[in-house]
Amino acid sequence: FSDGVTEENNPGGEEFGEDRLLRLLIEQGRGGAANLVDGIRMAVLDWAAGAVAADDVTVVVAARAP
């Protein structure tokens, strides 16, 4: 992930943060790579409450073939 994920601010100026991202990974990590990327993207967008991102928001998830 890029720093734009964890450094995204909500309207109150609070950063999304690594702890919040880690909790999200734990909660949604078993739902598949595409679902995880979508979940992170939606969480960051919700956090920003419609504000334009100040930095790039990049997430890459690698899935291991069974």
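The angle between the Cα long axis of helix 33-48 and the main principal axis of the chain comes to about 10°, on a 0 to 90 degree scale. Its residue count N fixes a reference of 2.2 N^0.38 Å for the chain, and the Cα radius of gyration divided by that reference is 1.11. Between residue 3 and residue 46, full extension at 0.36 nm per residue minus the direct alpha carbon distance yields a gain of 13.8 nm.
If R0 is taken as 30 Å, the Cβ-Cβ distance between residue 14 and residue 34 corresponds to a FRET efficiency of 0.60.
Each Lys and Arg Cβ is given +1 and each Asp and Glu Cβ -1; about its Cα centre, the chain then shows a dipole of about 460 debye.
Quick note: the coordinates plus some simple rules give every number you see, no bench work behind them. Treat the numbers as computed from the prediction; the structure is a model and nothing was measured. Every residue, glycine among them, receives a Cβ derived from its backbone with ideal geometry; neighbour counts consider all protein chains shown.
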